[in-house]
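Participant: Structure provided below as structure tokens; questions to follow.
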Amino acid sequence: MIGSLVATAFWAMVPAYVPNNAAVLAGGGHPIDGGREWRGARLLGDGKTWRGTAVGTVVGVVIALVLNAVNDPASTAVGVALPRFEFPAAVALAFGAMCGDIGASFLKRRSGRERGAAFPGLDQLDFVVGALALVFLVDPAWATNVFTLPVIAAVVVMTPVLHVATNVGAYALGVKNEPW
Ligand code: CTP
Ligand code: MG
């Protein structure tokens, strides 16, 4: 029961988990805010770029298609009927995750935090909120079917743990500047 919840929650969120990590590898280039400031601080900062956002979104969607391709053997292996991604849902999960992260940077700049500063809680869940909000908006039938309340609860508990672990790993490997 718990195992199938966690398996479903993890599978359904992979297209939202991958974009931020892909953006870290693809980052650089023009910042989305074009260097503009608002109320004495950058609108978003140099850490949110067009390239990172675009590459992150595309990689997230491609990963969802790959997951669909291996759905049968994976479902058999874990003994759970894992969700299949409808294309609009895949785009919403990936792009929504990037938007949640961008929204968090907006809030960080408003609260005086420099680029790269930690904002515990927000850092771990910004992309979850963005991904879930957009997928419920774009593909409500698919989203209500996959993201039942217990699955959402599993996502909210599981994500911060995974997020901290991957970022500490990326920091240790030298691909990320801060371990959050
Ligand atoms: N990145 C990007 N575009 C995005 C998100 C991330 O280019 N939309 C890249 C940037 O190179 C960024 C890195 O991924 O520096 C790490 O992402 P993140 O930790 O979200 O950004 P920070 O640099 O820490 O900036 P912020 O304080 O605004 O979160
Ligand atoms: Mg950061």
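The values are calculated or read from the model by the stated rules, or taken from the named source; none is laboratory data. Quick caveat: nothing in here was measured; it's all calculated off a predicted structure. With ideal geometry, Cβ positions are generated from the backbone for all residues, glycine too; neighbour counts draw on all protein chains shown. Each accessible area value is taken on the protein alone, full model and side chains, heavy atoms only, with ligands, DNA and RNA left out. Shrake-Rupley method; radii C 1.70, N 1.55, O 1.52, S 1.80 Å.
Participant: Looking for whichever is within 19 Å of A131 (Cα to Cα) and either within 16 Å of ligand 2 (Cβ to nearest atom) or part of a helix (DSSP H, G or I) (or both) here; the options are A77, A64. Which one fits?
Facilitator: Numbers: A77 fails: within 19 Å of A131 (Cα to Cα).
Of A77, A64, the one residue that is within 19 Å of A131 (Cα to Cα) and either within 16 Å of ligand 2 (Cβ to nearest atom) or part of a helix (DSSP H, G or I) (or both) is A64.
Participant: So A97 ticks every box in (1) open to solvent by 60 Å² or more (accessible area, probe 1.4 Å); (2) within 18 Å of A143 (Cα to Cα); (3) outside any loop (DSSP other than H, G, I, E, B) but one. Which box is left unticked?
Facilitator: (1)
Participant: Cβ-Cβ below 6 Å, separation at least six or inter-chain, first residue in segment 117-128 and within 11 Å of E178 (Cβ to Cβ), second hydrophobic (A, V, I, L, M, F, W, C): which pairs?
Facilitator: As it stands, the answer is A118/W180; D123/W180, since those pairs meet every condition given.
Participant: Only residues in segment 72-88 that are free of Cβ contacts under 8 Å to residues at least 60 places away in the same chain and under 20 Å from A143 (Cβ atoms) count as the first member; pair them with residues that are surrounded by 12 or more Cβ atoms within 10 Å (Cβ to Cβ) and charged (D, E, K, R), Cβ under 7 angstrom, at least 6 apart or cross-chain, and list the lot.
Facilitator: Pairs found: E86/D139; P88/D139.
Participant: Is there a residue being within 12 Å of ligand 1 (Cβ to nearest atom) and either closer than 26 Å to G27 by Cβ or not hydroxyl-bearing (S, T, Y) (or both) anywhere in segment 143-163? Please lay out each step first, then the result.
Facilitator: Keep residues of segment 143-163 that are within 12 Å of ligand 1 (Cβ to nearest atom), which gives 163.
Remaining after also requiring either closer than 26 Å to G27 by Cβ or not hydroxyl-bearing (S, T, Y) (or both): 163.
Yes.
Participant: Could you give me the residue pairs with C-beta distances under 7 Å whose first residue belongs to segment 169-180 and is within 11 Å of ligand 2 (Cβ to nearest atom), whose second residue is of a type in the set (D, E) wherever it lies, and which are 6+ apart or on separate chains?
Facilitator: These pairs meet every condition: Y171/E178; W180/D123.
Participant: Within segment 4-16, does at least one residue satisfy the condition of being open to solvent by less than 30 Å² (accessible area, probe 1.4 Å), aliphatic (A, V, I, L, M) and within 15 Å of ligand 2 (Cβ to nearest atom)?
Facilitator: So far as segment 4-16 goes, no, none of its residues is open to solvent by less than 30 Å² (accessible area, probe 1.4 Å), aliphatic (A, V, I, L, M) and within 15 Å of ligand 2 (Cβ to nearest atom).
Participant: Here's a follow-up. Restricted to segment 33-70, and to residues that are surrounded by 20 or more Cβ atoms within 10 Å (Cβ to Cβ) and touching a residue at least 60 places away in the same chain (Cβ under 8 Å), which residue is nearest to ligand 1 (Cβ to nearest atom)?
Facilitator: G47
Participant: Among the hydrophobic types (A, V, I, L, M, F, W, C), out of contact with any Leu (no Cβ under 8 Å at 6 or more places or on another chain) and in a helix (DSSP H, G or I) - does that describe any residue in segment 28-47?
Facilitator: Taking segment 28-47 first, the residues among the hydrophobic types (A, V, I, L, M, F, W, C) are 32, 38, 41, 43-44.
Among the residues that remain, those that are also out of contact with any Leu (no Cβ under 8 Å at 6 or more places or on another chain) are: 38, 41, 43-44.
So of that shortlist, the ones also in a helix (DSSP H, G or I) come out as none.
No: segment 28-47 contains no residue that is among the hydrophobic types (A, V, I, L, M, F, W, C), out of contact with any Leu (no Cβ under 8 Å at 6 or more places or on another chain) and in a helix (DSSP H, G or I).
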